[in-house]
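The values are calculated or read from the model by the stated rules, or taken from the named source; none is laboratory data. Everything numeric here is computed off the predicted structure, so don't read it as measured data. Note: ideal-geometry Cβ built from the backbone for every residue, glycine included; neighbour counts use all protein chains shown. Protein only, heavy atoms only, side chains kept; ligands, DNA and RNA dropped before computing areas. Shrake-Rupley method; radii C 1.70, N 1.55, O 1.52, S 1.80 Å.
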Amino acid sequence: MSATSFDRAAELRALDATYAGVRGLVASGVTHVPLIFRVPDQHHEPPQDDIVFANQEPAAIPVIDLACADHAAIVAAVRRAAEEWGFFEVMGHGVPEVAMTAAMDAVRAFHETDGGEGSDKAGLYSREPARAVKYHCNFDLYQSPVANWRDTLYLRMAPNQPEADDLPDSCRNVLFEYAHQMKNLGNTLLELLSEALGLKPSHLADIECNQAQVLLCHYYPPCPQPELAIGTSRHSDGGFLTILLQDEIGGLQIFKGEQWVDVTPTPGAFIVNIGDLLQLISNDGFRSVEHRVLAKNIAPRVSIANFFGTHIDPTSTRIYSPIKELLSDKKLPLYRETLASDYIKHYYSIGLDAKTAISHYQL
Ligand code: OGA
Ligand code: NI
């Protein structure tokens, strides 16, 4: 009998029924990674030392100082980073350090409260698309082949701000403030990205790339056998733009030049990455790049991913297609048009996986 013949669905349901996620498993003292979390052998990458690279890339993503006085230099750096890497870090972003630390502390504290029947966490435990505030262990638990060693608090902050009472008490004020800070930084970045595409600064905001805003507050508990599990499976992000804050633990990697490159934590910086929908409307001008998070056994890891344009309002009728100013006789559209909400629905139906959702829209 193969290892896959165990009753996977029953084990997934049993995990859900704890209302305590992976953190609950770890708190109960598991010493082995349960089968539902085991990365299948064929998913293991060959050791990186065995691969010969003709062109060694520098193993660090670009860092851009937004406080730099030379605006044209910032735009040029954003263009290069978005074209070549799809990922960059920003410093000099103006978000107060206290807002960053307070948000990370609140997320950590939420995840470290006990779950279980009757707990606050149990009341929030849901994957219901209509719910704006929810907590769960893997949004795609029943779709994806491998459960990820991660729990998430999900907050949809825009287009409609949730009721304050719907947020956990410990997080309410700091996460509203954090979302406000992210909205401002997101607008700055969309202006820079518009300019980097040769468009007027307001272009991407005018077409509502920032209409929907979702915070995914992730918690990666320490894993007793990190080599057998994965924190977040390889994927590209579905929306337009992501701003990520990670703590000092590490584990985030991007797939660049046929190898996994570590995104080592830089205190005080945000990581910015291009999502599939921005790749689509920029007609491959900008790239949405695959990334993943390794499981670690040293300590829990906390990250907050702010998505713009993901989980777009299902009633929105806005159609997205390659921006016509970017097309010419020599630059034909590479993608067909899509409702943003259809794209996200399609993305969700697959679950986290290698970058495949966008190919469905390729011409
Ligand atoms: C994501 C993601 C990375 C992280 O939420 O899409 O890639 O460091 N998160 O948690
Ligand atoms: Ni991601």
*Just the ratio, please: alpha-carbon radius of gyration of the range 174-279 over 2.2 N^0.38 Å, N its number of residues.*
1.21
*Potential lengthening between Ala299 and Asp166 on full extension [0.36 nm per residue; Cα-Cα distance subtracted]*: 45.0 nm
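Can you give the charge dipole size of the chain about its Cα centre, rounded to the nearest 20 debye, using +1 on the beta carbon of Lys and Arg and -1 on the beta carbon of Asp and Glu? Each step should come with its number before you reach the end.
Working: 29 positive and 46 negative charges, 110 e Å.
Here the size comes out at about 520 debye.
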*For the range 77-210, state the average projected area of the convex hull of the C-alpha atoms over all orientations, rounded to one decimal in nm².*
10.4 nm²
*Springs between alpha-carbon atoms under 10 Å, Gaussian network over the chain: tell me which of Asp247, Asp16, Asp41 tops the mean-square fluctuations.*
Asp41
*Counting only heavy atoms of the protein chains, get the accessible area per residue of the range 107-201 (1.4 Å probe) and round it to a whole Å² value.*
42 Å²
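Using heavy-atom solvent-accessible surface (probe 1.4 Å) with all chains present, what is the largest-first order of Lys183, Lys134, Lys345? Before the final figure, lay out the partial values.
On the way: Lys183 60, Lys134 10, Lys345 140 Å².
Largest to smallest exposure gives the sequence Lys345, Lys183, Lys134.
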*Ranked packing of 101-109, 122-130, 190-198, most packed first, by mean Cβ within 10 Å*: 190-198, 101-109, 122-130
_Cα-Cα pairs of the chain separated by more than 39 Å (percent)_ = 13 percent
*Go through the range 61-169 and name the GluC sites (Glu not before Pro) that are in a DSSP coil and have 14 or fewer other Cβ atoms within 10 Å of their Cβ.*
Glu112, Glu117, Glu163
*Averaged over all directions, how much area does the convex hull of the C-alpha atoms of the range 213-363 cover when projected, in nm²?*
10.1 nm²
*In a GNM of the chain with a 10 Å cut-off on Cα contacts, which of Asp276, Asp114, Asp151 has the highest mean-square fluctuation?*
Asp114
*Expressed in nm to one decimal, what extension gain is obtained for the pair Ala76 and Thr317 from 0.36 nm per residue of sequence separation less their Cα-Cα distance?*
83.4 nm
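Quick one: pull the percent of accessible area on the chain belonging to carbon and sulfur, 1.4 Å probe, ligands and nucleic acids left out.
On the way: 8350 of 16130 Å².
Carbon-and-sulfur percentage of accessible area, whole number: 52.
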*Top mean-square fluctuation among Ile36, Ile319, Ile304, Gaussian network model of the chain, C-alpha springs under 10 Å?*
Ile319
